[in-house]
1. Of B:Ile95, B:Ile52, B:Ile62, which residue is more than 25 Å from B:Ile339 (Cβ to Cβ), among the hydrophobic types (A, V, I, L, M, F, W, C) and crowded, with 23+ Cβ neighbours inside 10 Å?
2. Could you list all residues from the stretch B:270-299 that are more than 23 Å from B:Leu330 (Cβ to Cβ) and in a helix (DSSP H, G or I)?
3. If you go through the stretch B:310-324, how many residues are surrounded by fewer than 16 Cβ atoms within 10 Å (Cβ to Cβ) and within 13 Å of B:Asp53 (Cα to Cα)?
4. Need pairs with beta-carbon distance below 9 Å; first residue over 13 Å from B:Ala85 (Cα atoms) and within the stretch B:47-63, second among the acidic types (Asp, Glu) and in a strand (DSSP E or B); sequence gap 6+ or separate chains.
5. Identify, please: which residue in the stretch B:98-108 is surrounded by fewer than 19 Cβ atoms within 10 Å (Cβ to Cβ) and at pLDDT 95 or above and is, among those, nearest to B:Gly149 (Cα to Cα)?
6. Of the residues B:Arg246, B:Arg184, B:Arg190, which single one is modelled with pLDDT of 95 or more and touching a strand residue (DSSP E or B) at 6+ places or on another chain (Cβ under 9 Å)?
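The values are calculated or read from the model by the stated rules, or taken from the named source; none is laboratory data. The model shown is predicted, which means the values in this text are computed figures rather than measured ones. Cβ atoms come from the backbone with ideal geometry, glycine included; neighbour counts cover every protein chain shown.
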Protein chains: 2
Amino acid sequence: MPAQMDVSRNTAPAPASNAVSITMRPAADLHVHLRQGPMAATVVPKLVGTGIDTFVVMPNLIPPITDTGMAAAYQKDLYQWAGDAGRDLKFLMTIYLSPELTPDEVRKAKRMGITGIKSYPRGVTTNSDSGIESYDAYYPVFKAMEEEGMILNLHGECPSNPEQNITVLNAEARFLTHLEKLHRDFPNLRIVLEHVTTKDAVDLVASMGSTVACTVTVHHLYLTVEDWAGLPHGFCKPVAKTFADRTALREIVRSGHPRFFLGTDSAPHPRHAKESAKAPAGLFTSLHPLPYLAHLFHQLDMLPRLPGFACEYGRAFYGLPMPETGAVTLTHVPVEEGITIPEVMTVEGMVGPNGTPVEVVPFLAGQTLPWKMTLSS
Amino acid sequence: MPAQMDVSRNTAPAPASNAVSITMRPAADLHVHLRQGPMAATVVPKLVGTGIDTFVVMPNLIPPITDTGMAAAYQKDLYQWAGDAGRDLKFLMTIYLSPELTPDEVRKAKRMGITGIKSYPRGVTTNSDSGIESYDAYYPVFKAMEEEGMILNLHGECPSNPEQNITVLNAEARFLTHLEKLHRDFPNLRIVLEHVTTKDAVDLVASMGSTVACTVTVHHLYLTVEDWAGLPHGFCKPVAKTFADRTALREIVRSGHPRFFLGTDSAPHPRHAKESAKAPAGLFTSLHPLPYLAHLFHQLDMLPRLPGFACEYGRAFYGLPMPETGAVTLTHVPVEEGITIPEVMTVEGMVGPNGTPVEVVPFLAGQTLPWKMTLSS
């Protein structure tokens, strides 16, 4: 079994009561990587039945999704992969911020229903070689986005820099001056600082105006640096930080702050790539996102915060309607009736080294969460 | 090729001159892991001809070396593995601090020529399950060590602790209060804070009395967290920290401080274990320790500090005589005449998964250092 954290490690024992449950509308994942090719063909159908019906899909494909036409084609592919069972899923598309993007293209994208523009600092994560180095050149684009009500999705990390002592550890904290400047210069531009990991960023965004929000991943609510030091299946970007940082994330979620909401950043990578000399960054949480959250929220004694975090706040910030039908119920059950996370998900149509199957190791692989999930329409 | 840092990445370009060289007596490695069984049988003979003739050998075997008899038997094994060509190597032995160790055993160890007692906090690194949790119980042992002139070798890290926000990142800094207390309570006990990684520790030890020193590894002079985030071959304990921390290590060495000296902490691990879901901590630098150092010291314009760092200061602190014969000359040469680090070292007599050979990936595997090394007797 792949080495991963034990779900029982970070948290207090669950109460003995089995009567605990929570019911909410279908949830929304405001930040997810669904990939392309055989990986997408494997992952996308599995989104059906997870209790999440709305996805803001990241554009870091090869090549990146840099215009409206590419986004429309990718969205069409996503619905094809989703199949009949997934026809009611909502795939909200994003475009990769690049020098080719014009204000006119932003306006066209808005008309076509594209939700946001994603900015990657160059080289910091998977397929970010086309990322930006400075924001100054993008001010006309940002102006158009502000006017059109298009969201700016920020991967908020500065690249490694020896002279400035920037590493993966402080890359997010060092980015915050850029966020402050963008917010000051475009106060009506809605900005999402994606996959927040630090107390510094939580405190800053909480103090900012109503147009700035954060997505929070499942895994950053669980993990710290202890879970990726030598452990590739816990390695992602931004890296999970300290216990104090994790506490800040948990506490802002516990407070029910409406500008901190779920974006899983779920990002499948082949196991053979993760277990190699150079592990790619990313964790795969898309199979069971809500049971992961219910388990942790319950152990942290904040289960009632789950509907706001996973369903309501993100939709409200994005201006999306809440579903008027459908319900997801998560119920705490004896562990023998719980949900066992598979050891691996096999990717059909891909072949690994020496002809072996390509597998993805899900977050908390092989562990059993003492929860059951029921969906109703 | 395994992903590792590029030697050209962290440092300024080398001067064009080819006349640069440095000559010194055979060096001393005041902290090394030579293992047991087939791994030791592979590694130990390769120490011959590396320009290092003196090794302080760590006791974290399975089972750990916890008394004088075990240390003597292990030393005998080391000479057997070293063979005729290695009969002049000096293996200085250490004992693993454990509740079984008595003041009488300390005195016996001293009489038998054992150099030091190694303390591992429980669970922080390879084979440290027998490590200590508190120093109080060991005061009688430390008193005997102080009286006998035995060295205390400290793995200076606190175990991970969520309540105290201790992670691998601050585990060394948080340990320093223990070091201060030990030094205050045993001012004449010689203490080596092994494999120092942080500015905090460098500054503290530099400010302390003459009985406290640090070993500095090859790899911590090269690496930062950027080199182990997702990169198992750069992962060790203590983990490499920030650029500022690395600068502190480089600058204390540049200053020629006599209480900061070479201890490689070289620790071979099978490649299949490193490239797995749970990478063990440790880098293997024993094949070419002096070329690694000459290359870096030259690029940092501090090559004249190499003899002090690698030969003199450690021996002086340990009270070992400098060799009266033998010379190691390192000469900067065109890269095509340089030393190419092998991609892997094959371990004879071990079989890996699916019957594959067991290999160890050396530090900077596959890269060429523009240096040649000549030894004379």
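1. That would be B:Ile95, the only listed residue that is more than 25 Å from B:Ile339 (Cβ to Cβ), among the hydrophobic types (A, V, I, L, M, F, W, C) and crowded, with 23+ Cβ neighbours inside 10 Å.
2. Scanning the stretch B:270-299 gives B:Arg271, B:His272, B:Ala273, B:Lys274.
3. Matching residues across the stretch B:310-324 total 3.
4. Listed pairs, sorted by first residue: B:Ile52/B:Asp29; B:Thr54/B:Asp29; B:Phe55/B:Asp29; B:Val56/B:Asp29.
5. Only one residue tops the list, namely B:Arg107.
6. Residue meeting the stated conditions: B:Arg190.
A quick yes/no check of all residues on (1) closer than 23 Å to B:Thr325 by Cβ; (2) at pLDDT 95 or above:
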residue: B:Pro15; (1), (2): no, no
residue: B:Gly37; (1), (2): no, yes
residue: B:Val44; (1), (2): yes, yes
residue: B:Ile62; (1), (2): no, yes
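Let's see how each residue does on (1) on the phi < 0 side of the Ramachandran plot; (2) of a type in the set (A, V, I, L, M); (3) assigned to a loop (DSSP other than H, G, I, E, B); (4) surrounded by 19 or more Cβ atoms within 10 Å (Cβ to Cβ):
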{"position": "B:Ala73", "(1), (2), (3), (4)": "yes, yes, no, no"}
{"position": "B:Ala85", "(1), (2), (3), (4)": "yes, yes, no, no"}
{"position": "B:Lys110", "(1), (2), (3), (4)": "yes, no, no, no"}
{"position": "B:Val141", "(1), (2), (3), (4)": "yes, yes, no, yes"}
